[in-house]
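Shown next, in structure tokens, is the structure this report addresses.
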Amino acid sequence: NPADFMLDLGKILIKYPARLMKIAQCLEYPLGLRGGVSVIVESLTAELSRLGHKVLLVSPDDPAIVKSGTDKSIEQHVFWNPQEPSIANAKKLARQLAASGIEVAHFHAGGNYGWSNRFPFHSPAYHLSKLGIPVVWTSHRAENILEGFCGPQRSPLFKLLLFPVAWLGKMQQLCASR
């Protein structure tokens, strides 16, 4: 819900009312998809930029398309491939974001288990928080806790056996988020 995000973002921005921030908007889907999450990120990015904040976009969009786009609200783009989850890739993205000078990162997930958080230590949000960067997390779809971490065709027994690992990863992400 965009209103919930604005309340969370408002709490962070109230802490720093006299200065502008560099904020990462982290999206697992291309902006060009024009789905619900990408449209919300696009709207938030435009509003943050209008208020004078610098916005860094993390997404699987082609960097050349983002750079040549007419949307001037995106100051910087970092490519993220959600199809290649690994601890190494999560740490690499966290280091890239920290080196860029962001002051807060907002991760947008399409469900409970976005950004590879279904596996412990695979979420860049976890590693970014360990580097001292505040993380805000929004799950844009509610699902039951036994859905989203493996294929829906999997048996209930398989889901129950995998659930403790997925839940541990989810708990890491929750602990890393504000």
Conditions (1) in contact with a Leu (Cβ under 9 Å, 6 or more places away or on another chain); (2) farther than 21 Å from F119 by Cα: number failed by S59:
(2)
If P120 meets every condition in (1) over 15 Å from the mean Cα position of the chain (by Cα); (2) under 22 Å from H53 (Cα atoms); (3) touching a residue at least 12 places away in the same chain (Cβ under 8 Å) apart from one, which number is that one?
(2)
Subset of segment 20-41 (residues that are open to solvent by 10 Å² or more (accessible area, probe 1.4 Å) and more than 20 Å from A64 (Cβ to Cβ))
L20, K22, G35, G36, V37, V39, I40
List the number of the failed condition for S155; all other conditions in (1) farther than 28 Å from E103 by Cα; (2) modelled with pLDDT under 90; (3) of a type in the set (S, T, N, Q) hold.
(2)
What's the number of the only condition in (1) outside any loop (DSSP other than H, G, I, E, B); (2) open to solvent by 90 Å² or more (accessible area, probe 1.4 Å); (3) over 16 Å from R34 (Cα atoms) that L56 fails to meet?
(2)
Being touching a Ser or Thr at 6+ places or on another chain (Cβ under 6 Å), of a type in the set (G, A, S) and farther than 22 Å from W167 by Cα is true for just one of S73, S123, S59, S116. Which residue is that?
S73
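The values are calculated or read from the model by the stated rules, or taken from the named source; none is laboratory data. These numbers come from a predicted model, not from an experiment. FYI the Cβ positions are ideal-geometry reconstructions off the backbone, even for glycines, and counts take in every protein chain you see. Remember, those area values only see protein heavy atoms, side chains included, never the ligands or the DNA or RNA. Shrake-Rupley method; radii C 1.70, N 1.55, O 1.52, S 1.80 Å.
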